[in-house]
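Asker: One structure follows; several queries about it will come next.
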Amino acid sequence: MAAESEGKDAAVGFILALGRALHRYGTPAHRLEDGLRNCCDRLGLEAELFTTPTTIIMSFGRPTELKTRMLRVEGGELDMGKLARVDALADKVASRAMSAADGVIELEQIQASPRQFGPIASTLAGGIASASLAVFFDGGLADVCVSGAIGMLLGMLTSFVSRSSDQARVLELVGAGFAAFAAGLASAVWPSLNPSLVTIASLIILLPGLSLTVAMSELATRNLIAGTARLMSAVIVLLELVVGVALGERLAKALVDVQQSPKPPLPEWTIWVALVTSALAIGAVVQARRSQFGWIVAGCVVGYVGTRAGTAWLGGELGVLVGAFALGATSNVYARWLGRPAQVVQVPAVFLLVPGSLGFRGMSSLLDRETMNGVETLFATFVAAIAIVAGLLIANAVVPPRRSL
């Protein structure tokens, strides 16, 4: 009896540690709850689970003898490599191939292990992603080069401020101000530069488009508290970015004569080059394993092609539904085939679909008192986010991943 009790205590300890780890690596509430519930069932634990972006509450045991634990958690980091390792470990413990006590130890080792790509590689990847996305926004050669340079400087700034929690809380505000200020100064040197385009492209990693899409997904799956909290967090980040950009632009205009004479965009074929480079760069930003990069590129290409086809068929806002469906089906095939989380492919590719830039433009219009334009753009943002969620949910129904994550 004592051995059975100790075994259950060890299993509970593992579930608690697993929940914290999965939350840390960016798992949405509905996937997190489903994954933990599946693991509890396989370990023979009776459990009730509730998660939000900042709290995990778990109750174990029969209704008359519940033991409840609340975990205070913070917004984590996107690390697809460690997420895949945590998922594989959960499978080993749930299948009794490893004891729960050993699983807790290995979880600690996974979280303490160095990241797949260090600060220098991540900074370069951020610059490449910004430069590549400037091509998608119809930027010229000058826009691409300056966006890449500012993106790398923002990567360095992110590495610096992440050392302090107080500094990290103002990252979006300071980063947006710096990007807008640098773009304004650069436009005085290169009149062919489009400073607004450069600012948005260089901020793409900070834009909360992914959080907005996850929030809509949580709301659509009836995780109302988690979805509402994440949605408001995304809105606050957008406001911080808009205020930072406004400050940076006005400071730049006070010092130099900001020019804006955009050149024609680059040739059509450069978009396909930018698609591959942005997929690889974002894969590095989210710390994916090198063996996962081929699938990430495939997911990005399928999602982009699907979006273009859907836009021609359904229009701009709803066309992304087709791309999201194609991406969701591809990521679920990956999950079924290799037995790994669909998020590994889905999260990097969603970066290219998310409507973060639309939301930013909408908030900027409202700040400039262009009320009608701002409201229309924000409405288009939410329609696009809902379309992405709808596409992913339809893909889950048509091609189930056979996994909770």
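Asker: Looking at Ala324, Ala279, Ala312, can you tell me which residue is open to solvent by less than 20 Å² (accessible area, probe 1.4 Å) and more than 19 Å from Gly148 (Cα to Cα)?
Answerer: Exactly one residue qualifies, and that residue is Ala324.
Asker: While we're looking at this one, here's another question. Of the residues that sit in the range 238-270 and are under 14 Å from Pro195 (Cβ atoms) and outside any helix (DSSP H, G or I), which one is modelled with the highest pLDDT?
Answerer: The extreme case among them is Val256.
Table: residues versus (1) part of a loop (DSSP other than H, G, I, E, B); (2) touching a residue at least 60 places away in the same chain (Cβ under 8 Å).
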| position | (1), (2) |
| --- | --- |
| Ala129 | no, yes |
| Val135 | no, yes |
| Asp138 | yes, yes |
| Met152 | no, no |
| Met156 | no, no |
| Val174 | no, yes |
| Phe178 | no, yes |
| Phe181 | no, yes |
| Ser187 | no, yes |
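Asker: So is Leu78 touching a residue at least 24 places away in the same chain (Cβ under 8 Å) and part of a loop (DSSP other than H, G, I, E, B) or not?
Answerer: yes
Asker: Scan the range 254-307 residue by residue and report those that are polar (S, T, N, Q), over 17 Å from Arg115 (Cβ atoms) and more than 17 Å from the chain's Cα centre (by Cα).
Answerer: Matches in the range 254-307: Gln259, Gln260, Ser261, Thr270, Thr277, Thr307.
Asker: Related question: Residues Ser217, Ser211, Ser233: which one is in a helix (DSSP H, G or I), in contact with a Lys or Arg (Cβ under 7 Å, 6 or more places away or on another chain) and small (Gly, Ala, Ser)?
Answerer: Only one candidate qualifies: Ser211.
Asker: Check off (1) assigned to a helix (DSSP H, G or I); (2) closer than 22 Å to Pro28 by Cα for Leu280 and give me the number that stays unchecked.
Answerer: Going through the list (1) assigned to a helix (DSSP H, G or I); (2) closer than 22 Å to Pro28 by Cα, Leu280 breaks only (2).
Asker: Does Leu231 satisfy the condition of being open to solvent by 20 Å² or more (accessible area, probe 1.4 Å), free of Cβ contacts under 8 Å to residues at least 24 places away in the same chain and closer than 30 Å to His30 by Cβ?
Answerer: So Leu231 passes the test.
The values are calculated or read from the model by the stated rules, or taken from the named source; none is laboratory data. The model shown is predicted, which means the values in this text are computed figures rather than measured ones. All Cβ positions, glycine included, derive from the backbone under ideal geometry; neighbour counts span all protein chains shown. Each accessible area value is taken on the protein alone, full model and side chains, heavy atoms only, with ligands, DNA and RNA left out. Shrake-Rupley method; radii C 1.70, N 1.55, O 1.52, S 1.80 Å.
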